[in-house]
Amino acid sequence: METALWKIEWSDALSMSNPEIDAEHKRFIKLVNDLNSEIMSQQRDKAIVEQIMGSILKDAIAHFSHEERLFAKHSYPEAEEHAQIHTELVSKFEQALKEIQATEFGNVWVQAGLDIKNLLVDHVVNEDTKYIEYLKTE
């Protein structure tokens, strides 16, 4: 498999120009890369995959809470919509974890890993940039 399909590389395009948020996003990227590396390894270990998925879920909840506090502090006008997207992402992450827990390695795991990668990149590039731009104009 082509590694670009699985791996997220940090770049300036993903930067929010906010050191705290960037650090949280970098941790997310590391976890998603770890997840996909484990899923695609020959020695894939279900317990490790579940542990990484649990960490992704835990970090997502903490990170989204941090962002939502920023929204409130700066009266971000799209806060409610963005928070709803966060709720949907957490639900998708929970569903991926349940699917992994309910199955052995196969297409479900592969698709879950790709979906989580794509959801993360899409969210950072298409949603988080909106509030960062708003904060810059404040």
- When restricted to Ile39, Ile85, Ile48, Ile61, the only residue farther than 22 Å from Glu9 by Cβ, among the aliphatic types (A, V, I, L, M), assigned to a helix (DSSP H, G or I) and more than 16 Å from the chain's Cα centre (by Cα) is Ile48
- Task: With the checklist (1) more than 12 Å from the chain's Cα centre (by Cα); (2) assigned to a helix (DSSP H, G or I); (3) small (Gly, Ala, Ser) in hand, flag the one item Ser55 doesn't pass.
- Result: (1)
- Among the numbered criteria (1) out of contact with any helix residue (DSSP H, G or I) (no Cβ under 6 Å at 6 or more places or on another chain); (2) surrounded by 14 or more Cβ atoms within 10 Å (Cβ to Cβ); (3) at pLDDT 90 or above; (4) of a type outside the set (S, T, N, Q), which single criterion is violated by Ala23? (2)
- Task: Sort through Asp34, Asp45, Asp59 and tell me the only one that's closer than 30 Å to Leu135 by Cα and out of contact with any Ser or Thr (no Cβ under 7 Å at 6 or more places or on another chain).
- Result: Asp59
- Could you list, in sequence order, the residues of region 102-138 that are over 30 Å from Tyr76 (Cβ atoms), surrounded by 12 or more Cβ atoms within 10 Å (Cβ to Cβ) and not hydroxyl-bearing (Ser, Thr, Tyr)? Phe105, Val108, Trp109, Val110, Gln111, Ala112, Gly113, Leu114
- Return yes when Ser91 is among the hydroxyl-bearing types (Ser, Thr, Tyr), under 21 Å from Lys130 (Cα atoms) and assigned to a helix (DSSP H, G or I) and no when it is not. no
- Among (1) outside any helix (DSSP H, G or I); (2) among the aromatic types (Phe, Trp, Tyr); (3) surrounded by 15 or more Cβ atoms within 10 Å (Cβ to Cβ), which single condition is Trp10 missing? (3)
- If we scan region 96-104, do we find a residue that is at pLDDT below 90, in a loop (DSSP other than H, G, I, E, B) and either of a type in the set (Val, Ile, Thr) or closer than 21 Å to Asp12 by Cβ (or both)? yes
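The values are calculated or read from the model by the stated rules, or taken from the named source; none is laboratory data. What you are looking at is a predicted structure, and each value in this text was computed from that prediction instead of being measured. Virtual Cβ from ideal backbone geometry, glycine too; neighbours counted across all protein chains shown.
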